[in-house]
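Visitor: Please read through the structure below; I'll follow up with questions.
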Amino acid sequence: MDCQAFVDEQIASIKESVGDGMAINALSGGVDSSVVTVLAHRALGEKLKTVFVDSALMREGEPQRVVQLFADMGIPVDLVDARAEFLGALKGLTDPEEKRNAVTNTFYSKVFGDLVRQTGAKHLLHGTILTDIEETVDGIKRQHNILSQLGIDTEKEFGYQVLEPLKTIRKDGVREVARLVGLPAELAERIPFPGPALATRIVGKVTEERLATVRAATTIVEEELASSGAFQYMAVLLNDRATGIRNGRREFGQIIVVRCLDSVDARTATAVELPWEKLHRICQRITAIDDVNRCLIDITPKPPATIEYI
Ligand code: XMP
């Protein structure tokens with residue numbers, strides 16, 4: 001691919017489609033939405049409104065960090081606090097699909113839907129990539145929120161048109177564009193992180209307290225495994241407890257699972273063989289988290305497992 005030609009074409013095409021109107025996009029900090037934000041900003045300048053929705057499900061400091069990285073590039077991003085909406089929608093849910101739907105619906109129908117209406121944007125930019133389209137059409141995933149490929153006319157149903165500047169390229173192409181347009185490595189090389197965020201890393205109920213536990217474990221796993229070169233690594237909070245000893249007393253504490261995987265496109269994955277010393281260190285740090293007394297390593301490949309736990 002001629003990367004520069006791709007960038008020029010997409011900028012010109014966004015400019016032409018949006019014309020004098022307003023466009024909106026949601027930035028998650030993942031490489032796809034980050035690239036879309038840069039391309040759309042270059043095409044539209046002040047006619048673009050970019051929002052980062054704080055769903056309460058993000059990693060430690062993530063909303064502020066992503067907004068700051070874009071501010072450093074001269075791209076303004078509005079941080080929208082929707083923590084109460086998401087926590088409310090997830091309250092009491094334990095079924096994986098119900099949890100996913102709660103997050104998706106809160107995002108599209110409520111939070112983002114309201115923002116689109118408020119701004120009067122007629123165009124919405126989305127970081128759909130070619131793999132997302134293929135997996136949606138094949139029926140492998142419903143999670144990519146791809147509307148047109150499912151036969152939904154967004155203009156008729158919601159009053160806006162969806163623009164998908166990355167829909168002809170895959171993740172490796174997106175990363176190439178990311179480097180070319182000057183995104184910092186922290187964004188261009190970011191490991192995949194699912195849309196429903198830490199809600200996919202909690203088995204059972206999603207509460208503020210349980211989020212704090214899995215968030216602390218996620219920070220540790222990401223720090224320890226950043227240099228592993230793995231495709232994806234994560235911490236998961238189980239919906240079970242185990243007996244342990246803390247400060248000489250017996251406690252019935254929480255269990256964290258650590259997963260570190262190699263993959264090319266997330267369709268299949270295998271566990272990375274990590275040095276014993278590294279595993280010990282991760283275990284030590286994770287069991288120092290309040291109320292956590294077990295750290296398990298999950299070596300199951302995909303298939304039969306999926307990458308995430310819900
Ligand atoms: P699974 O768990 O299906 O995950 O093996 C495959 C890849 O997709 C990511 N993933 C998601 N991404 N929304 C997303 O945007 C989701 O609901 C979602 N579920 C899983 C996962 O992190 C892995 O990279």
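Visitor: Using the membrane-span-like helix rule (whole DSSP H runs, Cα extent along the own axis of at least 24 Å, mean Kyte-Doolittle hydropathy at least -0.5), which helices of the chain qualify? Before the final figure, lay out the partial values.
Guide: Values: long enough: 208-225 (25 Å, -0.15).
Both cut-offs are met by 208-225.
Visitor: Let me ask something else about it. Under 10 Å, Cα contacts only: if you run a Gaussian network model on the chain, which one of 34, 55, 263 comes out with the highest mean-square fluctuation?
Guide: Of 34, 55, 263, the most mobile in the Gaussian network model is 263.
Visitor: What list of ³J(HN,Hα) couplings, whole Hz, do you get for segment 112-125 from phi and the Karplus terms 6.51, -1.76, 1.60, once you set θ to phi - 60° and write x for glycine and proline?
Guide: 6, x, 4, 5, 4, 4, 4, 7, x, 5, 9, 10, 10, 9
Visitor: In addition: Between 226, 192, 254, whose Cα lies farthest towards the positive end of the dipole of segment 181-302 when Lys and Arg beta carbons carry +1 and Asp and Glu beta carbons carry -1, centred on the Cα centre?
Guide: 254
Visitor: With charges set only on the Cβ (+1 for Lys and Arg, -1 for Asp and Glu), what does the dipole of the chain come to about its Cα centre, in debye to the nearest 20?
Guide: Details: 37 positive and 45 negative charges, 177 e Å.
It comes to approximately 840 debye.
Visitor: Restricting the calculation to Cα positions, tell me the Rg (one decimal) and the Dmax (whole number) of the chain in Å.
Guide: 20.2, 68
Visitor: Right, here's the next one. Can you give the convex hull volume per residue for the Cα atoms of segment 3-188, as a whole number of Å³?
Guide: Working: hull volume 22.2 nm³, N = 186.
That works out to 119 Å³ per residue.
Visitor: Tally Lys/Arg at +1 and Asp/Glu at -1 over every other residue whose Cβ is under 10 Å from the Cβ of residue 58; what's the total?
Guide: Working: positive: 59, 65, 83, 215; negative: 54, 60, 62.
Charge balance in the 10 Å sphere: +1.
Visitor: State whether segment 253-310 is rounded, prolate or oblate according to the following rule on the C-alpha gyration tensor (a ≥ b ≥ c being the square roots of its eigenvalues): a/c under 1.5 gives rounded; otherwise a/b larger than b/c gives prolate, and the remaining case gives oblate. Present the calculation step by step, with values, prior to reporting the outcome.
Guide: Values: a/c = 3.21, a/b = 1.71, b/c = 1.88.
In terms of gyration-tensor shape, oblate.
Visitor: Mind listing the lone cysteines of the chain, meaning no other Cys beta-carbon sits under 4.7 Å from theirs?
Guide: If one checks each Cβ against the other cysteines of the chain, 3, 260 turn up with nothing under 4.7 Å.
Visitor: Something else now. Defining a contact as two alpha carbons under 8 Å apart and six or more residues distant in sequence, what relative contact order in percent does segment 3-188 show? The partial results should precede the final answer.
Guide: On the way: 245 pairs, mean separation 50.4, N = 186.
Over segment 3-188, the number comes to 27 percent.
Visitor: Now a separate question. Nearest 500 deg cm²/dmol is fine: what mean residue ellipticity at 222 nm does the chain get from its DSSP H runs of n ≥ 4 alone, each adding -39,500 (n - 2.57), divided by its residue count? Please list the in-between numbers first.
Guide: Numbers: 12 runs with 122 residues, N = 310.
Dividing the helical sum by the residues of the chain leaves -11500 deg cm²/dmol.
Visitor: Still on this structure: Measure of size requested: the Rg and Dmax of segment 202-298, with Cα atoms as the atom set and Å as the unit; please supply both.
Guide: In Å, with Rg to one decimal and Dmax whole: 13.8, 46.
Visitor: Is there a quick way to get the dipole size of segment 177-303? I mean about its Cα centre, with the Cβ of Lys and Arg at +1 and of Asp and Glu at -1; what is the value in debye to the nearest 20? Show your work: numbers first, answer last.
Guide: Working: 17 positive and 16 negative charges, 65 e Å.
Magnitude of the dipole: close to 300 debye.
Visitor: Same structure again: Considering Cα pairs under 8 angstrom that are at least six residues apart, work out the relative contact order of the chain and quote it in whole percent.
Guide: Numbers: 492 pairs, mean separation 51.0, N = 310.
Relative contact order of the chain: 16 percent.
Quick note: the coordinates plus some simple rules give every number you see, no bench work behind them. Computed from a predicted model, the values in this text were never measured in an experiment. Ideal geometry is used to build each Cβ from the backbone, glycine not excepted, and the neighbour counts take in all protein chains shown.
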